[in-house]
Amino acid sequence: MSYSDTSKLKKKKTRSKVVTFPSTQRITCPECGNSKEFLEVSDGVILTTRFNQHSDGSFSQELDDSQVLGQVKFYCGDCGADLTQFHKRFLEMLF
Ligand SMILES: [Zn+2]
């Protein structure tokens, strides 16, 4: 891409409100271009939830203690492509 092409692109972008991060920092599905929805799938998970029973017999949740024993996979939420290679970056950007 030449310099003049770049300046043309910049003019186009001023019309939209997007572009907060450089595109290199965002995870984009190489299959379908989706950069919005993603799935995290954990294998072999033990879900342990601690409940307290009150005097009236009702319960309230105290703790959610989950253990992942298997692999954690990362998928595109749109086409289902395996994006596990981006999972580390996903965790770094998760707030
Ligand atoms: Zn996709």
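The values are calculated or read from the model by the stated rules, or taken from the named source; none is laboratory data. For clarity, every value in this text was computed on a predicted model and none was experimentally measured. Methodologically, a virtual Cβ is constructed for each residue, glycine included, from the backbone with ideal geometry; neighbour enumeration extends over all protein chains shown.
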> Filtering segment 64-95 down to residues that are among the hydrophobic types (A, V, I, L, M, F, W, C) and surrounded by fewer than 10 Cβ atoms within 10 Å (Cβ to Cβ), which residue is farthest from the ligand (Cβ to nearest atom)?
Replying inline: LEU69
> For segment 38-54, does any single residue satisfy the condition of being of a type in the set (D, E, K, R), modelled with pLDDT of 95 or more and in a loop (DSSP other than H, G, I, E, B)?
Replying inline: no
